[in-house]
1. Can you classify region 41-161 as rounded, prolate or oblate using the Cα gyration tensor, where a ≥ b ≥ c are the square roots of its eigenvalues, rounded means a/c under 1.5, and otherwise it's prolate if a/b beats b/c and oblate if not?
2. Tally Lys/Arg at +1 and Asp/Glu at -1 over every other residue whose Cβ is under 13 Å from the Cβ of residue 59; what's the total?
3. Please list 129-136, 60-67 highest first by mean number of surrounding beta-carbon atoms within 10 Å per residue.
4. Count the net charge of all other residues whose Cβ sits under 13 Å from the Cβ of residue 121, scoring Lys and Arg as +1 and Asp and Glu as -1.
Amino acid sequence: MRKTRLLPALAAATLVAACGVQPTGVVPAGPGPSMRATTGPAVLTGLTLYFVSDGRVVPVTRPTEGFISPEGAITMLLKGPTEREAAQGLTTFVPPEVGRVEVYSSDPPSMVLPFSVRKFSDQALNQLVCTAISATAAIGRAPRAQGMTVTSPDGTLYFQSCKAG
């Protein structure tokens with residue numbers, strides 16, 4: 001009985017030892033991992049704004065340093081695409097004279113517009129919503145659901161989601 005147990009164990013050991021992997025020396029792979037914060041305003045290195053390309057709302061990441069509030073992100077969006085972004089076919093449907101937009105990081109977040117939302121195309125509203133949601137998430141206040149309430153002088157639009165891509 002003891003021989004029948006020993007034989008399969010020896011066969012398995014032989015197979016493992018003969019797998020064909022040759023030993024190698026030390027292979028340099030660069031510095032090891034380090035511990036650092038991965039969320040919060042101190043490590044924000046890029047801000048995602050949403051512009052329009054071929055009729056679709058698309059994300060564009062711009063390099064930034066430091067803290068950018070959701071309102072700051074909307075202000076950057078209102079300035080429109082850079083020359084380089086425009087040369088790549090990006091545009092905006094949000095007019096620059098919109099005024100002050102307020103973003104509140106409740107759950108779901110909300111945005112208060114100082115103008116009538118009826119004057120905007122679906123793409124323009126989506127640019128604002130996507131940019132505000134992205135900026136809210138970037139400062140560590142990501143909502144559980146990816147949508148927000150939009151309030152304007154002519155009414156409230158509940159749970160507007162980001163439709164980008």
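1. oblate
2. +2
3. The densest-packed peptide leads the list: 129-136, 60-67.
4. Once all neighbours under 13 Å are counted, the net charge is +3.
Taken together, the values in this text are just the output of simple stated rules run on the coordinates, not laboratory data. Source: prediction; values computed, not measured. Note that we place each Cβ from the backbone using ideal geometry, even for glycine, and neighbour counts take in every protein chain shown.
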